[in-house]
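This is the structure I have questions about; it appears just below.
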Amino acid sequence: MPRFIDRDTRVVVQGITGSQGEFHTRLMKEYGTKIVAGVTPGRGGMEEVGIPVFDTIVEAKESHEIDASIIFVPAPYALDAALEAVEAELDPVVVITEGIPVRDSIQLVARAKLNGTTIVGPNTPGLIKAGESKMGIMPAQVFKKGDVGIISRSGTLFYEIAAHITRLGLGESTCVGLGGDPVVGLEFIDVLRWFEDDPETKAVALIGEIGGDAEERAAEFISGGEFTKPIAAYIAGRAAVPGKRMGHAGAIIQGSSGSAESKINALKKAGVSVGDLPGQVAEALRELL
Amino acid sequence: MKLLEYEAKDYFRKYGIPTPEGCMITDPVQARMFIEKLGKPIVIKAQLPVGGRGKAGGIQFADTPNEAKNMAAHMLGKQIKGLTIEKLYVEEKLDIVNEIYLGVTIDRRNKSHVILASSEGGVEIEVVAEETPEKIIRHLVDPVNGLRSFHANLIAKRLGFKGRKMRQFADFVMKLYSLADEMDAELTEINPLAELEDGFIAADARLLVDNNALFRHKELEDKLLSSLQGELTEREMEARAQDLTYVELDGDIGIIGNGAGLTMATLDTVMLYGGKAANFLDLGGGATPERIEKAVKFVLRDTRTKAVFVNVLGGITRGDHTAQGIVAARQELGSVKPIVVRMAGTKEKEGRRILKKAGIETLDSMEEGAKLAVKLAEGS
């Protein structure tokens, strides 16, 4: 079962001194996330946004209790940073970095699995527990504490749908961005399992896109009866052309595999309400709840 | 990044994978010199980053020096799928006993490398997968332990090889996997991998390197753009040179979004309202005002676009930056094409203020924006 966050989760930011790291540390702090330390090799001893910076996680842990890590480190160094977090027993490890080589992601996911660590991403907007804590880059204002859990492969489309859910007064519980790369730590199924057991989640929005077969497998899982809560979905990429990568490294229709149609059909067959417009996901959930 | 056959074979040799004797040429005289030195019939292959060259006449044979020179002269400068043949690869013709397929690629579902092997070489592996899937051997590589020799032996065994041939083929598999792993290959394949009387040899070579890994393979970085010819349209090549994530489509509404999912959903929504997108342009995360300006200019300059829809929902991308970029692009081009902007999220208020000052109205929802963009494109 994956491990997510709440208001008590103590977080280290790896790559805190970079422009994105600094910017989002500020926003996460404002949201209420307990950021206790930052790590940037060579910058140990300084402060960033009022947070002490260390050269290594090991040193940060000598003076701070840390549970989880969020990574803004540039792609060439991201695998090292993530393995450092895994080795330091931090969980979850949220990898925001985009552009990590697939080979590095394969290594990371395999090592994390041995260790039982939850990897969120790479190339993810992160995760949020509405009203409590966010480890990610999502705009806080679109989320409001409520009953809907969200799982998404994309970032901005996830905020789009969250905003609709909030506007209809439903609000969100825990929301997880899986990441847009071909190889990521979490699958829809992992998060669905967690949502099934989460008392704060009453319904789920599943946001998929072209490429791979994670949505089809989620549909199979739902059909199997292991997920019993109301669920609505949106799949991006109906207008996509085969063979072209649509922005995300993982968003590509290869041959007959990975098309939006195949995913939409699989989910509909599993009894999931699939919207033609992103806003319809929220409307469907309101009906279902 | 797709390497040409001769480039891939250079890497194959580096990893000790047997390849036929051959060389890349650009002049017909070199073909004659090669066959004279070799003293055997040769095959002449067009070096282009597109598939299906065989059917298009891109693979020819020659038995004598004169034939080689004439054939090379005939091929150079000809076009296949819109690309001009500038390079040829000349290589000894093999006495093939049997054609095998061997490839290494990424298995998304299992999050690992997968080795694919089949006794049905020489035909497209997709066709084999479709018609006789039982003839493909799949071996998932454990990312922690890697591929070990006993795995390779087993693959060779399952293909039906015994004794010395089993060891030879297993060695081939080990070397190809090392290359795939160390070269960050999205795909490397040999089709056909030729079985000879006394061993195996890579008659063809394909190597696709993960673009995200080029920082580890500096020698390839310069070749990236030229490797995309044939795969990308002219406009996509230009976008690529400007470092924009762009896919050309055939409609008349320019689409710019931030984030792949939202941009795709924007295309889908425009389509749902009866419009057609001219492109997909994903600003990615954290775009600066300069990057946004560049993107808006790129889409505005496209003569096919009748209206532009910018859909930005800020996380890492800031509304103020987006607005600055749009305003700057419009001013600099003096463009009168209608621009519809939908903005929400980080620094939204600041962004809207900047756009309002410049006389550009913003809409609250993607649906409204898409509808308006479709209407404006129809009306112009």
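When the chain is fully extended, how far beyond the present Cα-Cα distance does B:GLU221 get from B:ASP27, taking 0.36 nm per residue of separation?
Length gained between B:GLU221 and B:ASP27: 67.2 nm.
Assuming R0 = 22 Å, can you tell me the calculated FRET efficiency for the pair B:TYR273 and A:ARG217, based on Cβ-Cβ distance, to the nearest 0.05? Don't jump to the answer; show the numbers that get you there.
Values: r = 32 Å, r/R0 = 1.44.
Step by step, r from the Cβ atoms, then E = 0.10.
Which percent, to the nearest 5, of DSSP beta bridges fully inside the protein assembly as shown are antiparallel? Intermediate results must be reported in sequence, preceding the final value.
Numbers: 57 of 109 bridges.
Antiparallel bridges make up about 50 percent of those DSSP assigns within the protein assembly as shown.
On to the next question. Using a 1.4 angstrom probe on heavy atoms only, work out the carbon and sulfur share of the accessible area of the protein assembly as shown in %.
Ligands and nucleic acids excluded, carbon and sulfur give 48 percent.
Which percent of the Cα-Cα distances in segment B:234-379 go past 25 Å?
15
Multiplying the sequence separation of B:LEU154 and B:ASN70 by 0.36 nm and subtracting their Cα-Cα distance, what value in nm do you get?
Stretched out fully, the B:LEU154 to B:ASN70 stretch lengthens by 25.6 nm.
Quote the FRET efficiency, to the nearest 0.05, computed for B:ASP10 versus B:LYS37 with a Förster distance R0 of 22 Å and r equal to the Cβ-Cβ distance.
0.70
To the nearest 10 degrees, how steep is helix B:149-158 against the longest Cα principal axis of chain B, on a 0 to 90 scale?
With both axes taken from Cα atoms, the answer is about 80 degrees.
Pop the C-beta distance of B:MET237 and B:LEU94 into the FRET formula with R0 = 41 Å and round what comes out to the nearest 0.05.
That gives a FRET efficiency of 0.70.
How do A:ARG3, B:ARG53 stack up against each other in accessible area, from largest to smallest, with a 1.4 angstrom probe?
Greatest to least solvent exposure: A:ARG3, B:ARG53.
Now for a different question. Any idea of the accessible area per residue across segment A:138-288, 1.4 Å probe, to the nearest Å²?
Accessible surface, normalised per residue, equals 32 Å².
Relative contact order of segment A:138-288, please, whole-number percent, based on alpha carbon pairs below 8 angstrom and at least 6 residues apart.
Values: 304 pairs, mean separation 37.8, N = 151.
Reported as a whole number, the value is 25 percent.
What accessible area, summed over both chains, is buried at the B-A interface (1.4 Å probe, Å², nearest 100)? Walk me through the intermediate numbers first.
Working: alone 18830 and 12370 Å², together 26850 Å².
Answer for the B-A pair: about 4400 Å² buried.
Next question. Mean Kyte-Doolittle of at least -1.0 and a Cα length of 15 Å or more along the axis: which whole DSSP H helices of chain A meet both?
A:75-87, A:102-115, A:156-167
Along the Cα→Cβ direction, 7 angstrom out, place labels at A:GLU261 and A:LEU288. What is the inter-label distance in nm?
Simple spin-label model gives 2.5 nm for this pair.
Work out which residues of segment B:228-268 lose at minimum 30 square angstrom of accessible surface when the other protein chains are put back, relative to the chain isolated, with a 1.4 angstrom probe, and list them by number.
At a threshold of 30 Å² (probe 1.4 Å), the residues of segment B:228-268 that become less exposed are B:VAL247, B:LEU249, B:ALA260, B:GLY261, B:LEU262, B:MET264, B:ALA265, B:ASP268.
Return the subset of B:LYS93/B:LYS218; A:LYS229/A:LYS269; A:LYS113/A:LYS134; A:LYS129/B:LYS371; A:LYS134/A:LYS202; B:LYS111/B:LYS165 for which the Cα-Cα distance in this structure is over 27 Å, preserving the input order.
The pairs that break the limit, which is 27 Å between Cα atoms, are B:LYS93/B:LYS218; A:LYS129/B:LYS371; B:LYS111/B:LYS165.
Of all DSSP beta bridges in chain A, what percent run antiparallel (nearest 5)? Don't jump to the answer; show the numbers that get you there.
Details: 10 of 44 bridges.
DSSP beta bridges in chain A are roughly 25 percent antiparallel.
If you don't mind, there's one more thing I want to ask. Only bridges whose two residues both fall in segment B:192-282 count here: according to DSSP, what percent of them are antiparallel, nearest 5?
Of those bridges, close to 65 percent are antiparallel.
Alpha carbon centre of segment A:97-117 versus segment B:262-334: separation in Å?
Cα centres, segment A:97-117 to segment B:262-334: 33 Å.
With Kirkwood's inverse mean 1/r over C-alpha pairs for Rh, give me the Rg to Rh ratio of chain B, two decimals please.
1.09
Okay, moving on. Give me the base-10 log of I(q)/I(0) for segment A:138-288 at each q in 0.12 Å⁻¹, Debye formula, one uniform scatterer per Cα, rounded to two decimals.
Scattering profile of segment A:138-288, log10 relative to I(0): -0.43.
Taking the Cα-to-Cβ direction at A:ASP55 and at B:VAL50 and moving 7 Å from each Cα, how far apart do the two end points lie in nm?
Inter-label distance under the simple model: 5.6 nm.
Additional query: For segment A:122-161, state which residues have at least 50 Å² less accessible area in the presence of all protein chains than in their chain by itself, taking the probe as 1.4 Å and leaving out ligands, DNA and RNA.
A:THR156, A:GLU160
Now for a different question. Can you tell me the accessible area per residue over chain B, all protein chains present, probe 1.4 angstrom, in square angstrom?
44
Each label point is 7 Å from the Cα along the Cα-to-Cβ direction; what then is the distance between the points at A:MET46 and B:LEU196, in nm?
6.0
In terms of the Cα gyration tensor, with a ≥ b ≥ c the square roots of its eigenvalues, is the protein assembly as shown rounded because a/c is under 1.5, prolate because a/b exceeds b/c, or oblate? Walk me through the numbers before you get to the answer.
Details: a/c = 1.90, a/b = 1.48, b/c = 1.29.
Taking the square roots of the gyration eigenvalues as a ≥ b ≥ c, the protein assembly as shown is prolate.
Could you give the distance between the Cα centres of segment B:143-205 and segment B:46-86, to the whole Å?
With segment B:143-205 and segment B:46-86 each reduced to a Cα centre, they are spaced 29 Å.
I've got another one for you. What is the distance in Å between the Cα centres of segment A:122-152 and segment A:167-217?
11
How many Cβ atoms of partner chains, on average, are near each residue of B:108-115 if near means within 10 Å of its Cβ?
For this peptide, the per-residue mean of nearby foreign Cβ atoms is 5.
Using only DSSP helix segments of four residues or longer, with each worth -39500 (n - 2.57), what per-residue ellipticity at 222 nm results for chain A after dividing by its residue count and rounding to 500?
So the calculated ellipticity at 222 nm is -10500 deg cm²/dmol.
The values are calculated or read from the model by the stated rules, or taken from the named source; none is laboratory data. Owing to the predicted nature of the structure, the values given are computational and were not obtained by experimental measurement. Note: ideal-geometry Cβ built from the backbone for every residue, glycine included; neighbour counts use all protein chains shown. For the accessible areas, the whole protein counts, side chains as well, though only heavy atoms, and no ligand, DNA or RNA atoms are used. Shrake-Rupley method; radii C 1.70, N 1.55, O 1.52, S 1.80 Å.
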